[in-house]
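Any read-out appearing in this document is the output of simple, stated calculations on the displayed coordinates, not a laboratory observation. This is a predicted model, so every value here is computed, not measured. All Cβ positions, glycine included, derive from the backbone under ideal geometry; neighbour counts span all protein chains shown.
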Amino acid sequence: MTALETSIDLDAVARALRVRLRDDQVRDSLTMRNLYRRDASNMTGRAGIVCFAESTEDVQACVQVAADMGIPFMARGSGTGLAGGAVPPPDAIIISTTKMNKILSVDEVNRIAWVEPGVLNLDLSKQIADLGVHFAPDPSSQQTCSIGGNVANNSGGPHCLADGVTNAHIHGVEVVLPDGSITILGGEEPEPDGLDLRGVFVGSEGMFGVATKICVRLMQNPPDVATMLMDFESVAEGANLVSDIIASGVVPAAVEMMDQLCLVAVEEFIHAGLPVEKAAALLVEVVGPSAGVAADVERICQLASERGVGAIRVAADDAERALLWKGRKSAFGAIANIMPNYYLHDTVVPRHKLAEVLDQIYEIVRRHNLQVLNVFHAGDGNLHPLILFDGSVEGVFERVHAAGREIVKASVNAGGVLSGEHGIGLEKRDLMPLMFTETDLSAQADLRRAFDPQLISNPDKVLPNPATCGEIHSAPEGAWI
């Protein structure tokens, strides 16, 4: 019998936790449990006891209670995940790491820092800015997402094209394993001897334990930067330019695409003079020494002209650059100007298939009588189609889910993958067979059991297992965001 199939006595769990933690760290009111029943996805679960950890020892205490009682537990950061990874298994112990928010040490010579998992992504870069360094992964939610969450999902972001996603910026992780023991995976050396268990842990979506201290790599701030916005009469021409740029040998720091619906929504919000009459726009940023930046800008402009670019706008200063990036990173919030609800996917396709797959996405959504807004990391082919809808319309959820499944299948059929940075979580768990054979999935399950024989650490995520579906389900219509 799995942890999800057992009957859990929450009063007994709360008593066991209060023996090890202060009373104010253990919350079991219905109000508190309801606050933690969901993440930023469209799914809900049922939280058990919510614990606010303040140290590695607190996390260890919570995990030991879960292990001793054979019940599920789940680490919870800011809850900004979009794939249901932080949706609680039924009556799980929720270990909130939001109060573990200290930068423990910074080594500016070796460009590393040890941080706690609750440190917010953007806060880390702000607090070390005077040293001329930054933490490279920059998800759109970087003002609110935590480093621990970035590690769990191997998060990306616009500026990960050249520098790599989170896995490339984590040297080591202190972890409370699912049996309550503490270990360090990796270390301060970039390539320690032995198996790369650090690399296995990053992106494991909470299934292998809880990160309590994280050794991050810091990147030097570039000496110069140029940010360009260029518009196109067709989405295809903009998408094809992305491949042209990379094929030419230029690897920008970021290449982001926004289609017309996105431009309209964002412009109503930030009033930056975006080309709302155009079919698409590319936001391209190059960094490095001034001479190199100038050469890259010239080459990109030349390639853009060959693709029928309209206007090319180069940010004149840091303020204009910040405004353009505000537009890109405000896209999800700006959707409210068009529709009250959206459903987001996160597939990746080969760059040379971008135009083809985008055409399929528009066709799929039209066929289901819906709208789609495309804003995505074009440089690495990481699509973010947002299906827009009004949740009060009868039958719309079935159409939305059907369109979403077709988009995922189209991406995989084009040689792509299920997720680029949001993770598998609950959302794409049952779509894993599209990419992996039974042998592949069995090997992944064996690896999971090596870390967590009881299957109590964020169970029912990532790997399809109909026998342990528990009570996690799609949110009621009124709960969609």
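Some observations on this one:
- Electrostatic bookkeeping for residue 83 treats Lys and Arg as +1 and Asp and Glu as -1; over the other residues with beta carbon under 14 Å from its beta carbon, the sum is -3.
- Ranked 219, 43, criterion: other C-beta atoms within 10 Å, fewest first: 219, 43
- Pairs of Cα atoms in segment 261-323 fall into 10 Å distance bins, from 0 up to the last occupied one, in shares of 18, 47, 30, 5 percent.
- Placing unit charges on the Cβ atoms of the charged side chains and taking the dipole of the chain about its Cα centre, the candidate lying farthest along the positive direction among 119, 301, 338 is 338.
- Largest first and in whole Å, the equivalent-ellipsoid semi-axes of segment 8-105 read 19, 18, 11, each the square root of five times a Cα gyration tensor eigenvalue.
- Remark: for residue pairs 329/461; 126/428; 126/213; 99/428, the C-alpha separation exceeds 26 Å in 329/461; 126/428; 99/428.
- 5 angstrom amide H check on residue 112, placed H, neighbours 5+ away: 107, 218
- Here the spin labels are modelled as points 7 Å beyond Cα on the Cα-Cβ line, and at residue 398 and residue 183 they lie 4.9 nm apart.
- Given in Å, the Rg to one decimal and the Dmax to the nearest whole number for the Cα atoms of segment 224-332 are 13.0, 36.
- With each label modelled as a point 7 angstrom along the Cα→C-beta vector, the residue 417-residue 446 pair spans 2.1 nm.
- Which of 109, 19 has the fewest Cβ neighbours within 10 Å, and the rest in rising order: 109, 19
- Local charge for residue 289 was computed over the other residues whose Cβ lies under 13 Å away, with Lys and Arg +1 and Asp and Glu -1, and equals -2.
- Cut-off 18 Å (backbone N to label point 7 Å along Cα→Cβ of residue 305), residues of segment 240-277: 241-242, 244-245, 248
- Relative to one another, the C-alpha centroids of segment 409-444 and segment 113-191 are positioned 24 Å apart.
- For the chain, Kirkwood radius (reciprocal of mean inverse C-alpha pair distance, Å): 23.2 Å
- The orientation-averaged projection of the convex hull spanning the C-alpha atoms of segment 339-413 amounts to 4.4 square nanometres.
- Available extension along the chain between residue 405 and residue 22 is 133.3 nm, counting 0.36 nm per residue and deducting the alpha carbon span.
- Ignoring aspartates and glutamates fewer than eight residues from residue 353 along the same chain, the ones with Cα atoms less than 18 angstrom from its Cα are 237, 244, 256, 259, 363, 380, 406.
- Relative intensity, log₁₀ I(q)/I(0), of segment 103-220 from a Debye sum that treats every alpha carbon as a point, q = 0.18, 0.23 Å⁻¹: -0.86, -1.42
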